[in-house]
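*Asks:* After the structure tokens below, expect a handful of questions from me.
Nothing in this text is a laboratory measurement; each read-out follows from the coordinates by a stated rule. Just so it is clear, the structure is predicted and the values come from calculations on it, not from any experiment. Cβ placement follows ideal geometry from the backbone for every residue including glycine, while neighbour counts extend to all protein chains displayed.
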Amino acid sequence: MRLFWLLIVLVLAGLFLHLNPEYKTRLMELASDAGSTFSPAGKTTRLYKWRNAEGTLQITDQPPSVDIEYETLDYHQDTNILPQPPQLQNK
């Protein structure tokens, strides 16, 4: 009996998402933000690394003014950007 009700709920949820594509799109966005595999391409974040007039390192999501040299940094959602622990570096 529980399996019957589970199937009913799944069918109704599928029908609801089919009839309301905006909810389906939003659900897919939320799932991809949570690290799910619904989005095969994954997300990429682009950052800009540069030094200001005082020489301080800046990392921002917007490029600096035109006359400042900068480096672009692309981080992929599925890539680990943390450094490897020292105990694992020489093995």
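*Asks:* Could you sort the peptides 74-80, 23-29 by per-residue average Cβ neighbour count (10 Å cutoff), highest mean leading?
*Replies:* Sorting 74-80, 23-29 by mean packing, highest first, produces 23-29, 74-80.
*Asks:* With labels modelled as points extended 7 Å from the Cα through the Cβ direction, what inter-label distance (nm, one decimal) is found for residue 13 paired with residue 46?
*Replies:* Spacing of the two 7 Å Cα→Cβ label points: 3.7 nm.
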